[in-house]
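J.: Here's a structure for you.
The values are calculated or read from the model by the stated rules, or taken from the named source; none is laboratory data. Computed from a predicted model, the values in this text were never measured in an experiment. Cβ placement follows ideal geometry from the backbone for every residue including glycine, while neighbour counts extend to all protein chains displayed.
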Amino acid sequence: MIKRWLPWIIKGGISVGLITWVLSKVDLPSAWAKAKAIDPQLAGLAVVFMLVQIGLGGVRWGLVLRSLDAVFGWTKTISVFYIGVFFSIVLPGAVGGDAVRMWFARKGGLSLATAINSVMLERAVTVFSLVLLVCLTQPILMSRVPNLPGGTMFPVLLAVCVIGILVLASLDKLPESLHRWRLVRGLVHLASDTRKLFFHPGWSLTCVLVGLAGNANISLVVYMLAEGLGMDVHVLDCLVLVPPVLLVMTLPISIAGWGLRETAMVTAFGFVGIAGDEALVLSILFGILTMLTALPGGLVFLLSGGRRIEAEELADEAAATDEDPGVRSPAPPLP
């Protein structure tokens with residue numbers, strides 16, 4: 001029980017602590033008044049773009065799967081991705097959603113290695129695209145905020161990402177004597193899949209472009225919310241400020257990014273003269289919008305036979321344990 005709840009306790013404590021700190025720095029009555037005055041049409045448009053974001057994520061993962069020669073239909077890919085988005089909200093951290101994606105992909109007929117590697121590489125593409133977008137927009141950001149600290153951090157981070165990809169692609173160079181270990185064999189397979197994706201210009205460029213489009217799309221969602229709140233923000237401000245906020249949110253130290261997002265948003269938009277209460281409302285509304293658009297993924301889970309597959313999986317495990325602990329019945333395919 002302690003191990004099960006410890007991630008929730010730690011991440012929840014960080015989220016609550018950061019939100020409390022941000023709330024202590026803003027005018028809460030003013031923030032609440034601004035939230036109630038949001039333009040419903042722009043808020044509705046932001047919802048539409050957020051749903052488009054889920055589709056882009058599914059397409060990105062689908063491209064990664066196809067680069068690995070994995071047979072997984074587009075409808076199934078986007079459905080499973082949406083299920084992962086839902087579980088990333090209800091489980092502590094995005095890793096929970098990724099694990100659910102791997103599980104469904106495995107039950108959908110993919111090999112265990114492909115299910116794991118495809119999700120890991122899709123995550124790698126997403127982070128790489130995000131860092132690349134930050135670097136591409138950095139000249140605009142520096143022109144808007146000349147005295148911004150840490151100007152060299154993002155190019156260095158991009159170089160680290162490139163080195164990390166090269167290291168992943170070289171893991172099969174480990175000594176043959178180590179290949180008897182299952183973990184090492186998994187790393188060898190991961191190296192091969194990394195090369196299939198990143199060393200093939202067609203797949204890598206397409207995936208990165210979809211990743212850039214997705215991150216830019218989120219910036220547009222934030223811009224629509226800001227416009228709906230009547231904030232004095234230019235679309236370029238959102239394009240250059242939101243990606244660093246998203247990069248901070250990738251740190252798996254809070255629940256669904258709460259607390260981290262608010263702290264980063266208030267700090268980032270403060271550089272262009274946005275008051276803390278306005279930035280806080282913007283961040284909270286963005287978080288609520290993320291949750292609302294993720295919740296239908298739970299319905300997709302039920303309609304995709306998630307409960308049935310889970311029940312049959314448990315039944316198979318029980319039967320295999322009774323008959324032979326080393327034998328498992330094959331799992332049914334995902335509808």
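J.: In segment 208-217, is there at least one residue being of a type in the set (A, V, I, L, M) and not in a helix (DSSP H, G or I)?
T.: Within segment 208-217 (the criterion being of a type in the set (A, V, I, L, M) and not in a helix (DSSP H, G or I)), the answer is no, since none of the residues qualifies.
J.: Only one of LEU205, LEU236 is surrounded by fewer than 21 Cβ atoms within 10 Å (Cβ to Cβ), free of Cβ contacts under 8 Å to residues at least 12 places away in the same chain, in a helix (DSSP H, G or I) and hydrophobic (A, V, I, L, M, F, W, C); which?
T.: Details: LEU236 fails: free of Cβ contacts under 8 Å to residues at least 12 places away in the same chain.
The match here is LEU205.
J.: Taking segment 255-274, which residues are free of Cβ contacts under 8 Å to residues at least 24 places away in the same chain and closer than 18 Å to LEU133 by Cβ?
T.: Here is the first cut: in segment 255-274, the ones free of Cβ contacts under 8 Å to residues at least 24 places away in the same chain are 264-265, 267, 270.
Across segment 255-274, the qualifying residues are ALA264, MET265.
J.: Can we say LEU251 is surrounded by fewer than 20 Cβ atoms within 10 Å (Cβ to Cβ) and modelled with pLDDT of 90 or more?
T.: no
J.: Could you say whether any residue in segment 196-204 is more than 15 Å from PHE286 (Cα to Cα), in contact with a Ser or Thr (Cβ under 9 Å, 6 or more places away or on another chain), of a type in the set (Ser, Thr, Tyr) and at pLDDT 90 or above?
T.: yes
J.: Out of PRO244, PRO252, report the one residue that is part of a loop (DSSP other than H, G, I, E, B) and touching a residue at least 40 places away in the same chain (Cβ under 8 Å).
T.: None of the others qualify; the one that does is PRO252.
J.: Can you name the number of the only condition in (1) closer than 27 Å to GLY13 by Cα; (2) at pLDDT 85 or above that PRO296 fails?
T.: Only one criterion is unmet by PRO296, namely (1).
J.: Of the conditions (1) touching a residue at least 24 places away in the same chain (Cβ under 8 Å); (2) surrounded by 17 or more Cβ atoms within 10 Å (Cβ to Cβ), GLY97 clears all except one; give me its number.
T.: All conditions pass for GLY97, except number (1).
J.: Test VAL52 against the criterion of being in contact with a Leu (Cβ under 9 Å, 6 or more places away or on another chain), surrounded by fewer than 18 Cβ atoms within 10 Å (Cβ to Cβ) and over 17 Å from GLY108 (Cβ atoms), and give yes or no.
T.: no
J.: With respect to LYS36, determine if the residue is at pLDDT below 70 and of a type in the set (Lys, Arg). I'd like the intermediate steps shown before the answer.
T.: Details: at pLDDT below 70: no; of a type in the set (Lys, Arg): yes.
Taking the combined requirement at face value, the residue does not satisfy it.
J.: Also, quick follow-up: If you check VAL119, VAL145, VAL125, VAL134, which single one turns out to be farther than 22 Å from GLY298 by Cα and at pLDDT 95 or above?
T.: Going through VAL119, VAL145, VAL125, VAL134 in turn, the sole match is VAL125.
J.: Further question: Given the structure, is ARG180 farther than 30 Å from PHE271 by Cα, at pLDDT below 90 and out of contact with any Lys or Arg (no Cβ under 7 Å at 6 or more places or on another chain)?
T.: Spelling it out, ARG180 is indeed farther than 30 Å from PHE271 by Cα, at pLDDT below 90 and out of contact with any Lys or Arg (no Cβ under 7 Å at 6 or more places or on another chain).
J.: Checking the structure you have, find out if any residue of segment 51-60 is modelled with pLDDT under 70, in a helix (DSSP H, G or I) and over 30 Å from GLY270 (Cα atoms). Before the answer, list the steps.
T.: Residues of segment 51-60 modelled with pLDDT under 70: none.
No: segment 51-60 contains no residue that is modelled with pLDDT under 70, in a helix (DSSP H, G or I) and over 30 Å from GLY270 (Cα atoms).
J.: Would you mind finding the one in LEU45, LEU18, LEU65 that is farther than 30 Å from LEU197 by Cα, assigned to a helix (DSSP H, G or I) and at pLDDT 95 or above?
T.: Residue meeting the stated conditions: LEU45.
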